[in-house]
Structures are given as structure tokens and as C-alpha cells.
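Here the structure comes first, spelled out in C-alpha cells, and everything after it is commentary.
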Amino acid sequence: MSSSMYEQIYDKLREEIRSGQYKVGERVPSEKELAEAYSVSRITSKKALELLADGGLIVRRPGRGSFVADPASMGASAAAAPGKSGGRGAGPAARPMIGLVMTDFSDSYGTGLVYGMEEASRQHDAFLVLRRSFGIPSLEEQAIKSMLELGVDGLIIFPAQGEYFNAEILKLVIDKFPFVLVDRHLKGISAGSISSDNVSGAKRGTDYLFELGHKHVAIITPPPTDTTAVEDRIEGYVQAHAEKGIVVDRELWLSVTSTLPNAYTEENKAKDIEKIKRHLLEHPEISAFFAMEYNIALLAREAARQLGLDVPRDLSIVCFDCPDNGSGFSFTHLRQNQEEMGRAAFENVLQLRDGKTVPHKIALEAELIVGKSTAVLSPSRIGQL
């Protein structure tokens, strides 16, 4: 047949409904069942069911399934042609449902993203469904599969990794399913992404330390291959050195792992604190740290405390993000516009769902907020360097 597979599935189900094989109120096969029966992707079977809903032949109820509609209650929408607005506009089941798959979230980063998405879902009379992957690719794949089985209209994905992408994300690209990436982009993948401008943010933070007189600025980072956000921040750090004519000393770089979602334990944090302490003792010239994220800044501050160093008198620290936890101490940090990122991500998915185009990459500025963790390089430290 020359018609596409989703049209064939649509025609078959429509005939079965009209012939009475499926009666009013009865459940019709799910996206998963249809995909297996016809050996197609769930994206294809989902489109067939959406056509039936648009034509007023079925009613889709998220989390429960699709059911044969009552023509009397559907009214004129029952006669709507496939592809036209009809059944999906009638009742709560027609409200968009967007899935969110993210590594994890906390007060330091992530909660603002979710808040922005939830606010956007409320404004657009839609729903947000959340699953965490904890940075584990296999859990991310399963979460995406579960979301598709649930029948979400689009996806927002905070990828577990930035260097590689899992097969489920690749399928979304191939099937042109509406989704956007948040916080990072995936190399080689043609997908919209929304994040902070990590290059300019890291450059701004490093420049600030240079302005305070610091020349030996060490960088503490998770493994650089973990995410493109980390790679971009390293690039900003390097650019700041190049513009000031300061040689980048890679011996001052330090990688820690305890802040990764699947390694955030007290034992691992204690090991990283010891690692930072050894690094400071081996490189006494270090007068400032640029920490990639807030939890790493906490490790650096604790390492300094255990060595009897005062922050910021003996050691300045700049990081990305810093929650207002009521402790009275705030790091000098780059504040990301998380709520705007979340809102834009949600609205872009809705745009894609409606067949519209969105920018391939959106990078929002991060604002430098001066806190209590930085100070002008003291004369005594200058004499030691």
C-alpha cells in the first residue's frame, strides 16, 4: 500500500470501531500493543491513535488508555476529518502532557528548572510528568520508554551524559518526536537545547578573580567528558586566561567525582576533600579556586578549613549557583536563570508539538553575584607567590 503505516493502523482501527468490534467505552489497543502488532515504533502507533482521537472516534485518557468514544457525547467532533482538531480539544484528556527526564535536582541546581516548567504547564493548561535518571544512562532510557508508553505529547530531557547519547534519544530524533534538551547539548544530534551560556559565564567568573589580583586560579571540575556544560565552562576559563595573557597551568586543574548524581555519598565526599587538601599542599601558589558547581565549592571550602585556611582571606572561591540556605554565607557565583530555562523548554516542546520550528540552541546569560567567598589577593599572599 502507498499509505503510511500510521494511516494503515488508523484505517484498520476505524473500521473495527465502526463495525462494532470495539463498542462504546471499550478500550482499544495501546500504543505499545499496536507497535508490537504492526512492527512499528510507538511514535507511529501514537500518531494513529491521535488521528482517531482527532476524528472523535476514541478518547485518550493518560495513564489508563484509549477508549471508544460515545458519538452522542462527542457531538459534531465525531465527524471531524483525521488531522483536524476535534476529540483532543474535548475534555481533560486533551490537555498536553509533557514528560521531564532529568538526572536529579536540588536547591543548588534543578529545583528552579522544575519550578519554571511547572509554572509554564499551569499557564498552558498542561501537565508535567517527572522521572529522575540519577545520571545512569540505563535508567534514562527506561524513563524515556515509560514516558512514551504513557502517551506524553513531548519530552524535556536533561541528559545523563553529554558526550554520548542513548538509543532512545536517537529514536526520538529519527521519529521527529517533539523534545528539547536542557542544561547541555548532545554532539552530533540535531535537537533543540536550552542552557546557560556556560562559556561566557565561566569567563566572567575567572575574569573577576583576575581583577582581584589572583593569577594562580585552579579549576575544580567533574570529569570533563561528563557533560558539554563542563566542557564549555573549561573553555570560558581558558579564554579568560588567553585574553589576560596568563598562561594556563594544567597542573592546577583537579577533577572530583563525588558530586555526580550516582556517586554523591559522604564517603566519596570525604575522599574528594582529602584530594583537594593534597592539591593545595602540593601547589601552595594557588590563591583561588574556580569550582564548576556549588557542591564542589563546598568541598573546597571544607578542605581549606581543615588546612587552617580562611575563605576568602587565604583562598577565594567562585562557583556556578549558590542556594539561599539561610547559613549566612554565600559564595561569589554565576547565577543561572533556571526558571526561564525551564519555562522556555516547556514552551518550546509545545511549539514543536504543534509543528512549529524553534531555535536550535538557546543560551541564557548567567549573572555574576558577588558573595563572601572572594577577596582581593592579600599582600602577604603576594609575597609568598
>> Please determine whether any residue of segment 33-42 is in contact with a Ser or Thr (Cβ under 6 Å, 6 or more places away or on another chain), in contact (Cβ under 8 Å) with a residue 24 or more places away in the chain and surrounded by 13 or more Cβ atoms within 10 Å (Cβ to Cβ).
In response: yes
> Which one is surrounded by the fewest Cβ atoms within 10 Å (Cβ to Cβ), of the residues in segment 96-139 that are at pLDDT below 90 and among the charged types (D, E, K, R)?
Replying inline: ASP107
> Within segment 43-63, which residues are among the polar types (S, T, N, Q) and free of Cβ contacts under 8 Å to residues at least 60 places away in the same chain?
Replying inline: SER45
> What number of residues within segment 205-244 are of a type in the set (Ser, Thr, Tyr), modelled with pLDDT under 95 and open to solvent by 10 Å² or more (accessible area, probe 1.4 Å)?
Replying inline: 1
> Going by the structure shown, is LEU280 more than 19 Å from ALA263 (Cβ to Cβ) and in a helix (DSSP H, G or I)?
Replying inline: yes
> SER85 is checked against (1) under 29 Å from VAL173 (Cα atoms); (2) at pLDDT 75 or above and fails just one. What number does that condition carry?
Replying inline: (2)
> Which of the residues belonging to segment 215-254 are more than 16 Å from GLY135 (Cβ to Cβ) and small (Gly, Ala, Ser)?
Replying inline: ALA218, GLY236, ALA240, ALA242, GLY245
>> Only one of VAL247, VAL217, VAL182, VAL238 is touching a strand residue (DSSP E or B) at 6+ places or on another chain (Cβ under 9 Å), farther than 28 Å from VAL152 by Cα and among the hydrophobic types (A, V, I, L, M, F, W, C). Can you tell me which?
In response: VAL217
> Can you tell me which residue in segment 255-273 is surrounded by the most Cβ atoms within 10 Å (Cβ to Cβ), limited to those that are assigned to a helix (DSSP H, G or I) and without any contact (Cβ under 8 Å) to a residue 12 or more places away in the chain?
Replying inline: ASN268
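The values are calculated or read from the model by the stated rules, or taken from the named source; none is laboratory data. On a predicted model such as this, the values are computed, not experimentally measured, just so you know. No Cβ is skipped: glycine too gets one built from the backbone with ideal geometry, and neighbour counts run over all protein chains shown. Heavy atoms of the whole protein, side chains included, go into the accessibility calculation; ligands, DNA and RNA do not. Shrake-Rupley method; radii C 1.70, N 1.55, O 1.52, S 1.80 Å.
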